[in-house]
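One structure is given here, and the rest of the page talks about it.
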Amino acid sequence: PFLTFDAWQGDEHLTWLRDGDVVAAVNAKSGTTWMLYCAHQIRTKAAADLPYSDVQHATWWPEMRQDPSMTWADMKEGYNTTTLPDGTP
């Protein structure tokens, strides 16, 4: 129930991906979190002074619902208006 593939149905990806975005395509249970951390370290040049405690607050998996009741519309809103836990936009 925590996985959804709505982000990839038809041309839906065109509504939330932007030029220059990187998509890490990894099968579930095959190093997804490890790949997230690797990509994040490259993206931030290994900066240690970031304003959040967990990389998953800054980089979501489009297939992974953070809560079972979330719809793709809820998730997409999160992509477009990410706010860190301390309120930083």
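Within the stretch 1-38, the set of residues being of a type outside the set (Ser, Thr, Tyr), closer than 20 Å to residue 65 by Cα and assigned to a helix (DSSP H, G or I) comprises 6, 7, 8, 12, 13, 14, 34, 35, 36.
Within the bounds of the stretch 23-33, is there any residue that is under 13 Å from the mean Cα position of the chain (by Cα) and open to solvent by 90 Å² or more (accessible area, probe 1.4 Å)? Looking through the stretch 23-33, at least one residue is under 13 Å from the mean Cα position of the chain (by Cα) and open to solvent by 90 Å² or more (accessible area, probe 1.4 Å). Within the stretch 64-76, residues that are open to solvent by less than 70 Å² (accessible area, probe 1.4 Å) have Cβ atoms under 8 Å from residues that are hydroxyl-bearing (Ser, Thr, Tyr) in these pairs: 65/4; 72/4; 75/4; 76/15, counting only partners at least 6 apart in sequence or on another chain. When each of 18, 43 is tested for being free of Cβ contacts under 8 Å to residues at least 40 places away in the same chain, loosely packed, with under 11 Cβ neighbours inside 10 Å and basic (Lys, Arg), the lone residue that passes is 18.
Consider residue 68 carefully, then state whether it is part of a loop (DSSP other than H, G, I, E, B), modelled with pLDDT of 80 or more and more than 14 Å from the chain's Cα centre (by Cα).
Working: part of a loop (DSSP other than H, G, I, E, B): yes; modelled with pLDDT of 80 or more: yes; more than 14 Å from the chain's Cα centre (by Cα): yes.
Yes, satisfied.
The values are calculated or read from the model by the stated rules, or taken from the named source; none is laboratory data. These figures come from a predicted structure and were not determined experimentally. Ideal geometry is used to build each Cβ from the backbone, glycine not excepted, and the neighbour counts take in all protein chains shown. For accessibility, only protein heavy atoms count, side chains too; no ligands or nucleic acids. Shrake-Rupley method; radii C 1.70, N 1.55, O 1.52, S 1.80 Å.
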